[in-house]
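Down below is the structure, laid out as structure tokens.
The values are calculated or read from the model by the stated rules, or taken from the named source; none is laboratory data. Given the structure is predicted, the values throughout are model-derived calculations rather than measurements. Please note: Cβ atoms are built from the backbone with ideal geometry, for glycine as well, and neighbour counts cover all protein chains shown.
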Amino acid sequence: MMVVVRVAASVNGSRTCMSMGSSKQDVIRRRLLIDGDGTGDDRRLNVLLKSFIKWCNATNEPAGESQILHDRMLAQLAQCEFAVTKSRLSASMSAAELQNYKNLSLLIETGIEAAKRDIESTKLDFQEAKTVRKNRIEYDVLAKVINEQPDRKETDEKLSQLRKELNSLEETREQLERKLDMRRKQFHVLVASIHQLQAMLDDSETEEIMDVAFGAFDDDASDSQKVAPPQPEPMFE
């Protein structure tokens, strides 16, 4: 009877409390369908309550029967205490497990944050490694080009040799220019001498011609004094 009353109260409570919803009604219906006394701890309490009421009402029962009811009640009570202790330990364990889960969740979150930082750091390292690799490739190419060029010492030696050759050529050019200048001066002196000589020759020939002419004139004059000069023939008849 008390079970029916409790079920009815549960049903009424579920109707007045809309937050419970239909899930609580389903649980109540399942309990009614499975066992009129309920299930689990509720059934133990209901059975214990029935046994206590039956033991209280068994005044006319023999002492042996009453003792059996009493012992059964004690056993049921022990079961209820065990269930309570078990539930309390389960609750404590659940609380500890919940705290453990919270700690684990915090640890996981911390690990996630650390992993994010590691990922960012790894990205930076990766970019730096790419830059280093790119620079290394460029350095290798440049080193290859440099190695293909002649040695600096050899280049300096060749450059020194070329400078010596250039200086030697410069000296040769200066010598040739000096010789050419000297030849020009000698040529000018020679030309001037030739002109002077030519002038002297011209003057000498003129004097000789004049001397010859004057000598011939003197001879003719002396002959004309001895022989009369012929009469000139008329040019026209």
Original post:
Only one of Ala129, Ala83, Ala143 is touching a helix residue (DSSP H, G or I) at 6+ places or on another chain (Cβ under 7 Å), small (Gly, Ala, Ser) and surrounded by 10 or more Cβ atoms within 10 Å (Cβ to Cβ); which?
Top reply: Ala83
**OP:** Tell me which of these Pro150 doesn't satisfy, since it passes every other one: (1) free of Cβ contacts under 8 Å to residues at least 40 places away in the same chain; (2) in a helix (DSSP H, G or I).
**Re:** (2)
Subject >> Residues located in the stretch 35-53, provided they are loosely packed, with under 14 Cβ neighbours inside 10 Å and either outside the structural domain of Glu81 (by the TED database) or modelled with pLDDT under 75 (or both) >> reply: Gly36, Thr39, Gly40
